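For reference, the structure discussed in these notes is given below.
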Ligand code: GLU
């Protein structure tokens with residue numbers, strides 16, 4: 001059974017790029033006679049808002065996209081993610097990180113905002129960690145690449161791969177090697193919520209039986225990190241289909257932070273779902 005998903009984060013209203021992504025996944029599910037799931041990735045309490053979640057449902061309904069079963073809201077399942085984090089911790093694969101984002105940025109120089117920072121700050125010295133713990137300082141859990149490598153062994157560590165049925169930003173396609181170091185000692189549990197993106201997304205893809213991850217090329221590099229987590233957790237490897245990113249009239253890609261025109265605004269301006277589907281290349285109902 002072909003199972004794919006659209007997994008937006010409710011950090012703003014959806015724009016045309018989201019519509020393209022949702023239509024791409026939905027059409028693939030329809031073409032394969034499979035299932036299309038909707039997942040609300042709202043684990044970042046500082047950026048996600050209930051009104052944006054309501055906006056996602058409203059916009060997808062307007063686009064005439066239907067999804068199988070109820071949408072899964074990640075913030076309702078923090079206990080599941082905590083259990084996955086705990087299982088990695090119990091295997092000695094994680095270490096506590098009390099550093100602030102600012103500490104990390106200062107240590108590595110100015111990293112471009114939003115880029116995946118392959119930082120590896122390493123565990124704190126034992127005495128320092130004990131003092132911070134005693135002070136009740138908040139900490140994140142980072143994956144130790146050193147411990148992960150030991151746990152998996154060289155053959156697995158150097159042999160991980162994924163199947164790209166779409167294309168990466170440089171045209172990468174087919175069976176591709178994983179770079180397990182791509183995300184550095186990635187944070188798997190944030191200080192505030194006890195979970196982080198790569199852990200939640202791989203947990204849910206496994207739990208929901210997702211066979212095909214269909215998403216934009218902006219997440220291509222995340223695939224290596226996610227394949228590493230899947231391998232450590234014994235979760236199955238989905239196939240990946242990264243799609244191109246839509247560019248706006250100025251040639252730059254649509255992004256929430258650029259305040260791109262939202263579907264809500266386009267709708268208010270009289271755009272019909274049929275016209276938008278046609279513009280995005282989905283005119284024959286997928
Ligand atoms: N929630 C992520 C986003 O909004 C997408 C996750 C994924 O498709 O893997 O960018």
Residue in segment 171-192 that is surrounded by 17 or more Cβ atoms within 10 Å (Cβ to Cβ), at positive phi and in contact with a strand residue (DSSP E or B) (Cβ under 9 Å, 6 or more places away or on another chain) present: yes
Residue, modelled with the lowest pLDDT, within segment 17-54, restricted to residues that are within 15 Å of the ligand (Cβ to nearest atom) and over 22 Å from residue 200 (Cα atoms): 17
Among (1) more than 14 Å from the ligand (Cβ to nearest atom); (2) in contact (Cβ under 8 Å) with a residue 40 or more places away in the chain; (3) under 30 Å from residue 30 (Cα atoms), the one test that residue 180 misses: (3)
Which numbered condition residue 38 misses (of (1) within 16 Å of the chain's Cα centre (by Cα); (2) assigned to a loop (DSSP other than H, G, I, E, B); (3) closer than 24 Å to residue 266 by Cβ): (2)
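Okay, residues lined up against (1) at pLDDT 95 or above; (2) exposed (fewer than 11 other Cβ atoms within 10 Å of the Cβ); (3) on the phi < 0 side of the Ramachandran plot; (4) within 20 Å of the chain's Cα centre (by Cα):
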| site | (1), (2), (3), (4) |
| --- | --- |
| 102 | no, yes, yes, no |
| 106 | no, no, yes, no |
| 109 | no, yes, no, no |
| 128 | yes, no, yes, no |
| 143 | yes, no, yes, yes |
| 147 | yes, no, yes, no |
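Results for (1) surrounded by 12 or more Cβ atoms within 10 Å (Cβ to Cβ); (2) closer than 27 Å to residue 210 by Cβ; (3) without any contact (Cβ under 8 Å) to a residue 40 or more places away in the chain; (4) in contact with a helix residue (DSSP H, G or I) (Cβ under 8 Å, 6 or more places away or on another chain), shown as yes or no for each residue.
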| position | (1), (2), (3), (4) |
| --- | --- |
| 48 | yes, yes, yes, yes |
| 70 | no, yes, yes, no |
| 74 | yes, yes, no, yes |
| 79 | no, yes, yes, no |
| 96 | yes, no, no, yes |
| 135 | no, no, yes, no |
Output for segment 196-224, where each listed residue is closer than 18 Å to residue 176 by Cα and more than 11 Å from the ligand (Cβ to nearest atom): 211, 212, 217, 221, 224
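The values are calculated or read from the model by the stated rules, or taken from the named source; none is laboratory data. The model shown is predicted, which means the values in this text are computed figures rather than measured ones. Every residue, glycine among them, receives a Cβ derived from its backbone with ideal geometry; neighbour counts consider all protein chains shown.
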